[in-house]
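Peer 1: Once you've had a glance at the structure underneath, I'll fire off some questions.
Every number here is computed from the coordinates shown, using simple stated rules; none is lab data. Here the structure is a predicted model, which means the values were calculated and not measured. Please note: Cβ atoms are built from the backbone with ideal geometry, for glycine as well, and neighbour counts cover all protein chains shown.
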């Protein structure tokens with residue numbers, strides 16, 4: 001993980017393979033539960049809720065703290081655990097769990113770099129056995145200031161020192177493909193760099209080397225001294 005400013009946020013497959021039996025680690029498969037049932041990393045628990053962890057009553061938002069704490073506790077994720085999250089989609093869903101945990105004050109979480117595909121490609125152990133975990137105690141605490149609302153984004157349009165970063169596909173950014181959005185296109189002034197463009201791509205995508213990520217971010221005006229609002 002050379003060159004990354006926060007290498008502790010990532011886990012390598014080698015690191016995880018050495019710790020499959022470590023009781024302080026909770027491995028979480030963030031794909032659809034049906035995919036988890038077919039095959040997964042030994043010891044992993046399958047996420048039995050939507051992988052975006054949305055509020056059922058307000059699907060535009062993260063589930064509220066009481067519900068989040070209940071979901072984590074039911075999955076055996078406690079205050080004492082280091083969570084290692086993985087998926088089969090380049091880290092998309094695993095990063096969502098990491099972000100939600102950080103937002104609610106649980107900083108001990110890592111995303112498996114390369115995810116399920118890399119683990120599979122390396123011939124590492126797999127299983128269909130579903131692990132039984134005891135209910136844990138998960139405490140919601142004030143986390144990082146990592147969430148902004150629509151009003152904050154509107155106020156940031158054309159503001160010096162702030163970058164609004166659209167991480168969706170090029171077709172979504174241009175409006176050619178609106179997907180489930182009411183309108184196509186993008187927020188005025190937003191720069192575009194798809195999240196997948198920061199990975200190696202291919203069948204087992206990993207994050208690009210730190211220097212290459214830095215170069216690609218700088219190319220669209222994202223530099224360390226600026227405030228960055230992503231969506």
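Peer 1: As a test, work out the antiparallel percent of DSSP beta bridges whose residues both lie in the stretch 7-121, rounded to the nearest 5.
Peer 2: Details: 2 of 14 bridges.
Percent antiparallel among DSSP bridges in the stretch 7-121 is about 15.
Peer 1: Follow-up. Calculated from DSSP H runs of 4 or more alone, at -39500 (n - 2.57) each and per residue, what is the 222 nm mean residue ellipticity of the chain, nearest 500? Don't skip to the end; give the middle numbers.
Peer 2: Details: 8 runs with 62 residues, N = 231.
Result for the chain: -7000 deg cm²/dmol, rounded to the nearest 500.
Peer 1: Something else about it: With an 8 Å Cα cut-off and a minimum separation of 6 or more residues, compute the relative contact order for the stretch 32-144 in percent.
Peer 2: Numbers: 168 pairs, mean separation 41.5, N = 113.
The normalised contact order for the stretch 32-144 reaches 37 percent.
Peer 1: Please quote Rg/Rh for the stretch 150-230 to two decimal places, taking the Kirkwood radius as Rh and restricting both calculations to Cα atoms. Mind showing how you got there, number by number?
Peer 2: Working: Rg = 13.8 Å, Rh = 13.8 Å.
Taking Rg over the Kirkwood Rh, I get 1.00.
Peer 1: Here is a further query. Could you work out how much longer the chain between residue 54 and residue 176 gets when fully extended? Use 0.36 nm per residue separation minus the Cα distance between them, nm to one decimal. Don't skip to the end; give the middle numbers.
Peer 2: Values: separation 122, 0.36 × 122 = 43.92 nm, distance 2.65 nm.
Result: 41.3 nm gained on full extension.
Peer 1: Continuing with this model, one more query. Can you tell me which of 119-126, 151-158, 206-213, 108-115 comes out highest on packing, and rank the rest after it, using the mean Cβ neighbours within 10 Å? Walk me through the numbers on the way to the answer.
Peer 2: Details: 119-126: 13.6, 151-158: 11.8, 206-213: 15.1, 108-115: 23.4.
My ranking of the peptides, most packed first, is 108-115, 206-213, 119-126, 151-158.
Peer 1: Considering only DSSP beta bridges whose two residues both sit in the chain, what percent are antiparallel, to the nearest 5? Walk me through the numbers on the way to the answer.
Peer 2: On the way: 4 of 22 bridges.
If I count the DSSP bridges inside the chain, around 20 percent turn out antiparallel.
Peer 1: Helix 65-74 versus the longest principal axis of the chain: what is the Cα-based angle in degrees, 0 to 90, to the nearest 10?
Peer 2: The helix 65-74 is inclined about 30 degrees to the chain.
Peer 1: With the crude spin-label approximation of a point 7 Å out along Cα→Cβ, what separation in nm comes out for residue 140 versus residue 70?
Peer 2: 1.1 nm
Peer 1: Calculate the spin-label point distance for residue 158 paired with residue 227, positioning each point 7 Å from the Cα along the beta-carbon direction, and give it in nanometres.
Peer 2: 1.7 nm
Peer 1: With only alpha-carbon pairs counted, each pair once and no self-pairs, how large is the Kirkwood hydrodynamic radius of the chain in angstroms? Present the calculation step by step, with values, prior to reporting the outcome.
Peer 2: Details: mean 1/r = 0.0528 Å⁻¹.
It is 18.9 Å.
Peer 1: May I ask you to derive the relative contact order of the chain, considering only C-alpha pairs under 8 Å and at least 6 residues apart, and to give it as an integer percent? Don't skip to the end; give the middle numbers.
Peer 2: Numbers: 388 pairs, mean separation 46.3, N = 231.
About 20 percent, as a whole number.
Peer 1: Taking only Cα atoms of the stretch 1-128, what ratio of Rg to Rh do you get with Rh as the Kirkwood inverse-distance radius? It would help to have the intermediate numbers written out before the result.
Peer 2: Details: Rg = 14.0 Å, Rh = 14.8 Å.
Radius of gyration relative to Kirkwood radius: 0.95.
Peer 1: Label points 7 Å out from Cα along the Cβ direction at residue 197 and residue 35: separation in nm?
Peer 2: Rounded to a tenth, the inter-label distance reads 2.4 nm.
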